[in-house]
């Protein structure tokens, strides 16, 4: 699974980096996004909804959230 580490990046960079890294992946591929920006709690789910991806999970621990996303078709 591709891990996209965007810790330390502020809005809008986490979503922009995630979008760019997911471009070449086939539908159904899963990625894990690791983010420390509190705004990612809003931005990542919004990104998924707007682009047809599925947010599988979001788990927060020690100020870092791990988002598991499945790329839509």
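Taking the stretch 48-65 as the range and being surrounded by 14 or more Cβ atoms within 10 Å (Cβ to Cβ) and assigned to a loop (DSSP other than H, G, I, E, B) as the test, only 53 passes.
Residues in the stretch 18-51 that are touching a residue at least 12 places away in the same chain (Cβ under 8 Å) and over 13 Å from the mean Cα position of the chain (by Cα): 4 in all.
So that you can scan it fast, the table gives a plain yes or no per residue for (1) surrounded by fewer than 13 Cβ atoms within 10 Å (Cβ to Cβ); (2) part of a loop (DSSP other than H, G, I, E, B):
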residue: 3; (1), (2): yes, no
residue: 18; (1), (2): no, no
residue: 21; (1), (2): no, no
residue: 24; (1), (2): yes, yes
residue: 28; (1), (2): yes, yes
residue: 34; (1), (2): no, no
residue: 37; (1), (2): no, yes
residue: 43; (1), (2): no, no
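The numbers here are math on the coordinates, done by the rules we state, and not lab data. All values derive from a computational prediction rather than experimental measurement. Virtual Cβ from ideal backbone geometry, glycine too; neighbours counted across all protein chains shown.
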